[in-house]
Amino acid sequence: MTLEQPTPPLPISALLRPQMRMEGDLPATQAHQVMLHCALDSACITARMTDYHAVTRIAELDYQTVAAVIRWLRILGDGR
């Protein structure tokens with residue numbers, strides 16, 4: 001994309017919107033939540049309401065740990 005047409009923002013789940021800051025950059029934890037939800041979607045895994053607490057807790061971890069979980073989800077998705 002060119003600078004005149006920036007990449008559109010990711011659609012954010014209505015369940016995540018109330019707690020997300022919309023101005024400026026996302027804090028790391030919120031960015032991790034978006035990345036984890038995208039990885040779950042990509043692996044065709046529907047998160048249940050009870051899973052949102054787990055995603056929130058995983059998102060609080062450091063980037064390397066979150067990236068490992070996302071990598072596992074990609075492997076799972078590739079096996080489908």
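Please work out if S13 is surrounded by 14 or more Cβ atoms within 10 Å (Cβ to Cβ) and either at pLDDT below 70 or charged (D, E, K, R) (or both).
Answer is yes for this residue.
Each row is one residue, and each column tells you yes or no for (1) more than 20 Å from P27 (Cα to Cα); (2) in contact with a Ser or Thr (Cβ under 9 Å, 6 or more places away or on another chain); (3) touching a residue at least 60 places away in the same chain (Cβ under 8 Å); (4) surrounded by fewer than 11 Cβ atoms within 10 Å (Cβ to Cβ).
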position: D41; (1), (2), (3), (4): yes, no, no, no
position: D51; (1), (2), (3), (4): yes, no, no, no
position: I58; (1), (2), (3), (4): no, yes, no, no
position: A67; (1), (2), (3), (4): no, no, no, no
position: I75; (1), (2), (3), (4): yes, no, no, yes
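The values are calculated or read from the model by the stated rules, or taken from the named source; none is laboratory data. It should be emphasised that the depicted structure is a prediction, and the values quoted were computed from it without experimental measurement. Neighbour counts are summed over all protein chains in view; Cβ atoms, including those assigned to glycine, are modelled from backbone coordinates with ideal geometry.
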